[in-house]
1. Pull out all pairs, ordered by first then second residue, where Cβ-Cβ is under 8 Å, the residues are six or more apart or on different chains, the first lies in the range A:58-80 and is under 16 Å from A:Asn159 (Cα atoms) and free of Cβ contacts under 8 Å to residues at least 40 places away in the same chain, and the second is outside any helix (DSSP H, G or I) and within 10 Å of DNA strand B (Cβ to nearest atom).
2. Are any residues in the range A:219-273 within 16 Å of DNA strand B (Cβ to nearest atom) and in a helix (DSSP H, G or I), and if so, which ones?
3. Condition first: under 23 Å from the mean Cα position of the chain (by Cα) and either crowded, with 18+ Cβ neighbours inside 10 Å or not in a loop (DSSP other than H, G, I, E, B) (or both). Now tell me which residues in the range A:166-176 satisfy that.
4. What pairs come up if the first residue lies in the range A:186-211 and is farther than 12 Å from A:His28 by Cα and polar (S, T, N, Q), the second is away from DNA strand C (no atom under 16 Å from the Cβ) and in a helix (DSSP H, G or I), and their beta carbons are under 9 Å apart, counting only those six or more places apart or on different chains?
5. Answer yes or no as to whether A:Ala206 is open to solvent by 30 Å² or more (accessible area, probe 1.4 Å), at negative phi and assigned to a loop (DSSP other than H, G, I, E, B).
6. Could you please give the count of residues in the range A:57-92 that are more than 16 Å from DNA strand C (Cβ to nearest atom), open to solvent by 40 Å² or more (accessible area, probe 1.4 Å) and either touching a Phe, Trp or Tyr at 6+ places or on another chain (Cβ under 6 Å) or under 24 Å from A:Ala142 (Cβ atoms) (or both)?
7. Could you tell me which residue of the range A:304-318 is nearest to the chain's Cα centre (by Cα), considering only residues that are of a type in the set (A, V, I, L, M) and farther than 21 Å from A:Thr329 by Cα?
8. Give the residues of the range A:123-152 that are open to solvent by 20 Å² or more (accessible area, probe 1.4 Å), without any contact (Cβ under 8 Å) to a residue 40 or more places away in the chain and among the hydrophobic types (A, V, I, L, M, F, W, C), sorted by residue number.
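The values are calculated or read from the model by the stated rules, or taken from the named source; none is laboratory data. Keep in mind that this is a model prediction, so the values were computed, not measured. Here Cβ is always computed from backbone atoms with ideal geometry, including for glycine, and neighbour counts include all displayed protein chains. SASA here: full protein model, heavy atoms, side chains in, ligands and nucleic acids out. Shrake-Rupley method; radii C 1.70, N 1.55, O 1.52, S 1.80 Å.
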Amino acid sequence: MLQTLPKTTNSADGPTHAERLLAWYDRHHRELPWRISPTAAKAGIRPDPYRIWLSEVMLQQTTVQAVKPYFAKFLERWPKVTDLAAAPSDDVMAAWAGLGYYARARNLKKCAEAVAADHGGVFPDTEKGLRALPGIGDYTSAAVAAIAFNRQSAVMDGNVERVISRLYAIDAPLPGSKPVMKAKVVELTPSDRPGDFAQAMMDLGATICTPKRPACALCPFRDDCLALAGDDPERFPVKAAKKEKPVRQGAAFVAVTPDGEVLLRKRIETGLLGGMTEVPTTAWTARLDGGTTIDHAPIPSADWQACGTVIHVFTHFELRLAIFRARVTRVAVDNGWWEPVESLENQALPTVMKKAIVQAIPLAFAKAPN
DNA sequence: TAAGCGTGGTC
DNA sequence: TGACCAAGCTT
């Protein structure tokens, strides 16, 4: 079978990779809330660095679809980075609830405060300056520098890794192969429109060079792709084997007063679900210490009723949470508070906690009929 | 360097 | 239907 000879990166006899990719990008522009229109871009308008940063942090390990409503909510509530810097942390955590990876929200607030206090409310316009801020790593610093400030920064995320690993048929497994791939991205990134190039690489990975069943026939790199020439693009990127997920077990306690208030408390600032709101729970351990569960209830004298199990899968373990509920009189509590069921939606409750509460109170979080 | 860190969509 | 995985960062 006749194969097309791969072109070099900047072959003299045709457009470069970057030129072909940008031509594809101009034909397939995706409208996204944090992007500016191609017309505005052509007129030399730059996007708002605050919006680019906010969207990039939200998009870390998170799909565009999941981010959209959160991005709209944050932008409406805190239109500028100085607004976010001045906001109460609890409000920010509550607004982030449900999006996951809550360290991002804690760092988002810290970063906004640093920009407001140390940079006069203006984002640094270099990769290095951005990289020094909380929650901004290799990817985000390069992405904001390129997209918001037109810097020639090499942007590599999961999409770009997939595109590069296929284009060059890189057999070495991730994450060890990252430096090799990064060098390729550096080589490809143009001085003209580096931000569009970065977004184009990510769009290509998201829409054409997909993990399963890539649409190679539509790819601007189809004549150069070594993985396609080798007839098995899906084989890339090669990844290190992942560990199996352990199971942890615990119990959660939903105490309800006759007035319809639920006992809540705040988790410690660090670690899993750090700084978020929860209903009281036991520790989550490999084995349930059978028989003594109720002894760990916040109000041990209450009449606790088992009402089912919630299974929730975190990144590195599966949680089986036995749910107990009790009708209790409103008593003073050391490290918690009583929250009306109707206002639970304003709390910084992660999804697993909402599931626990709904298991005990099926009508919680139900929209009131009008 | 490897492990810890959420959630929802997809096939 | 369960395994995979999405615009990663921190320690």
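1. If the second residue must be outside any helix (DSSP H, G or I) and within 10 Å of DNA strand B (Cβ to nearest atom), the pairs left are A:Thr62/A:Leu99; A:Thr62/A:Gly100; A:Thr62/A:Tyr101.
2. A:Pro233, A:Glu234
3. Scanning the range A:166-176 gives a single hit, A:Leu174.
4. Filtered contacts from the range A:186-211: A:Thr189/A:Ala18.
5. On the way: open to solvent by 30 Å² or more (accessible area, probe 1.4 Å): yes; at negative phi: yes; assigned to a loop (DSSP other than H, G, I, E, B): no.
Criteria not met by A:Ala206.
6. 1
7. My answer is A:Val313.
8. A:Ala132
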